[in-house]
Amino acid sequence: YDLRNEDMKELQELGQGNGGSVKKVEHTPTGKIMAKKIVFIDAKPSVRKQILRELQIMHDCHCDYIVSFYGAFLSDPTICICMEFMDKGSFDGIYKRIGAIDIEVVGRVALAVLEGLTYLYDMHRIIHRDIKPSNILCNSSGQIKICDFGVSGELINSIADTFVGTSTYMSPERIQGAQYTVKSDVWSLGISLIELALGRFPFSEDDTSDSDLSDLEDLEGTLSPQRPGSLLGIPLPPARKKDKSGGTSKKDKRKSKGVSLQGGGMTMSILELLQHIVNEPAPRLVPEGRFHKDAEEFVDNCLIKDPDGRQTPKDLLNHPWIVQSRNSSIDLEVWTSTF
Ligand code: ATP
Ligand code: MG
């Protein structure tokens, strides 16, 4: 495809992330439906061109477990990345809609992610760097694919410059500044799998449907001294509400304390979460015995805190739970027709 912004008819907003937004579009000359990711890049023209060049590697990524790439172009002040449209969306949206995901489906997610990571690393020496439920997509043919991998060093730099990273899928070694390896992606996979199987983010014992810790308001709710929650081992006060009316909402409290979202108080909270990941035992598939021993053991393997003891995606493809998932008779096309 020779892609130009004028040829893109916007059909629907699919979602918003930290870096930009994603829209469902029709490429009018061909009638092809695509997902167009719009990333705002505050950088020099030379850097933007460099990013565009680096993104071209995606043209060579052909794998059943990787979202197809159609092309990218500059559209000041943004970069547009056009990719395969996945009509069932991402797994964060799916579990928020239908609740905890059946463990057999979670097994297929694990298989797909490991296959995708192994392909990216073995064929292109690419490390994903951002495995999480919102980057694992599904379509109504029952295919599961990963997207948003780190092909462009310049793009990673440019986005990192524009916001404070609150990534909570980050491995202990990354938090401590060690080099990124494929094993860091394995950690992120482990956290993501628990989130899907339990229907909530594993670092929060708060079982409201909203478990997105990148939501700063929630992060403060979980970590502030007033609400120590699970992280400090002190019992939680009664469940908080998303209160938009009264004068006791968190926002107001924060204002009265003079703490802004970017302020020192908030930064401490994020640091507390990162410290928890580094210092406390890794989360597990709980309660023990609810899931098959092989699934529990697989997740424990992903979440071994020392990267030297953690396996690579390729090693983990031989794990009994993954072999079982590959042979399972579950029909994901039928499963996707239920939501
Ligand atoms: P972050 O910016 O922190 O990585 P994110 O992954 O949610 O978060 P985006 O990558 O901008 O942010 O994606 C926004 C949403 O768009 C996703 O949550 C997903 O539901 C949807 N989406 C992304 N790519 C596609 C696609 N190819 N097909 C269908 N939906 C998509
Ligand atoms: Mg994404």
Query raised in the report: Which residue out of Asp64, Asp92, Asp102 is at pLDDT 95 or above, surrounded by 19 or more Cβ atoms within 10 Å (Cβ to Cβ) and charged (D, E, K, R)?
Result: Asp92
Query raised in the report: What number goes with the only condition from (1) closer than 22 Å to Pro202 by Cβ; (2) in contact with a Cys (Cβ under 8 Å, 6 or more places away or on another chain) that Thr336 does not pass?
Result: (1)
Query raised in the report: Would it be correct to say that Ser134 is within 15 Å of ligand 1 (Cβ to nearest atom), of a type in the set (Ser, Thr, Tyr) and surrounded by fewer than 22 Cβ atoms within 10 Å (Cβ to Cβ)?
Result: yes
Query raised in the report: Would you say Asp148 is modelled with pLDDT of 90 or more and either among the charged types (D, E, K, R) or more than 16 Å from ligand 1 (Cβ to nearest atom) (or both)?
Result: yes
Report summary line: Looking across segment 1-29 at residues that are in contact with a Gly (Cβ under 9 Å, 6 or more places away or on another chain) and away from ligand 2 (no atom under 16 Å from the Cβ), the single one that is farthest from Asn135 (Cα to Cα) is Asp2
Query raised in the report: Based on what the data block shows, is Val47 farther than 26 Å from Glu13 by Cα, more than 10 Å from ligand 1 (Cβ to nearest atom), aliphatic (A, V, I, L, M) and surrounded by fewer than 16 Cβ atoms within 10 Å (Cβ to Cβ)?
Result: yes
Report task. For segment 109-131, name all the residues that are away from ligand 1 (no atom under 12 Å from the Cβ), surrounded by fewer than 22 Cβ atoms within 10 Å (Cβ to Cβ) and charged (D, E, K, R). Result -> Asp122, Arg125
Query raised in the report: Is it the case that some residue within segment 33-50 is at pLDDT below 95 and among the aromatic types (Phe, Trp, Tyr)?
Result: yes
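If you take the residues of segment 1-29 that are near ligand 1 (Cβ under 8 Å from one of its atoms) and not in a strand (DSSP E or B), which of them is modelled with the highest pLDDT?
Gly17
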Query - Count - residues of segment 292-312 that are within 17 Å of Val105 (Cα to Cα) and basic (Lys, Arg) - result: 1
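The values are calculated or read from the model by the stated rules, or taken from the named source; none is laboratory data. Because the structure is a prediction, the values reported are computed rather than measured. Ideal geometry is used to build each Cβ from the backbone, glycine not excepted, and the neighbour counts take in all protein chains shown.
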